[in-house]
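The structure appears below as structure tokens.
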Amino acid sequence: MTPGLDTALVIRNTTRGGWKDGITCSLGICCGLFVHATMSAVGLSVVLVSSAELFTVVKTIGAIYLIWLGVQSIRSTFSHSQSIDMNNNKSLEVTSLKVSFKEGFLSNILNPKTAVFYLALLPQFINPEYSAFAQSLLMASIHFVIAMIWQGGVALLVEKAKQLMSSSVVKNRIERMTGAVLVMLGVNLLVSK
């Protein structure tokens with residue numbers, strides 16, 4: 001597993017809201033895999049890859065979304081609204097988990113590189129005697145499990161590190177660093193061919 005966008009997003013969300021936030025983000029990312037597997041199985045990924053204009057539109061939207069997430073991370077470290085009202089913590093947690101899932105899901109489905117990965121990888125393992133759709137979903141399920149284990153491990157490590165370095169200064173630095181990484185990944189996606 002190579003750390004990249006998904007890992008940076010899980011680190012950011014775990015730093016922001018704890019282990020549950022990171023795992024929920026990972027769940028959103030991994031649910032996006034089924035979208036890519038379905039698109040690959042029905043041939044929509046071919047359209048995306050063969051249309052330079054459509055590919056550029058999806059890539060640009062994805063890049064802007066990443067940059068926005070990164071800027072939001074950095075901005076949140078300068079906000080004084082970081083304090084949590086312990087009486088209202090449950091509603092904050094539910095909102096945070098919904099947001100985390102959405103962030104993970106959107107970052108995955110708006111990443112055209114994932115579509116290219118599925119388009120390049122899946123056909124090599126598809127047996128023409130059986131349903132391409134069912135086989136694609138099976139492979140996405142395997143990818144889902146592997147990615148959840150990897151990203152779950154990352155979330156646990158970040159949570160443990162966060163507990164060891166519980167000062168708000170350290171938390172803000174980590175949040176700024178992961179925000180900067182997300183911005184850089186977004187800019188890289190935006191300028192890549």
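Where a number appears in this text, it was derived from the coordinates with a stated rule and is not lab data. Small disclaimer: the values here were computed from a predicted structure and weren't measured. Because the Cβ atoms are built from the backbone with ideal geometry, glycine has one as well, and the counts that use them run over all protein chains shown.
Some notes on this structure:
- A residue that is in contact with a Ser or Thr (Cβ under 7 Å, 6 or more places away or on another chain), of a type outside the set (Asp, Glu) and touching a residue at least 12 places away in the same chain (Cβ under 8 Å) cannot be found anywhere in the range 123-135.
- Test: GLY18 is touching an Asp or Glu at 6+ places or on another chain (Cβ under 7 Å) and more than 22 Å from ARG176 (Cβ to Cβ): no
- Subset of the range 171-183 (residues that are hydrophobic (A, V, I, L, M, F, W, C) and in contact (Cβ under 8 Å) with a residue 24 or more places away in the chain): ILE174, ALA180, VAL181, LEU182, VAL183
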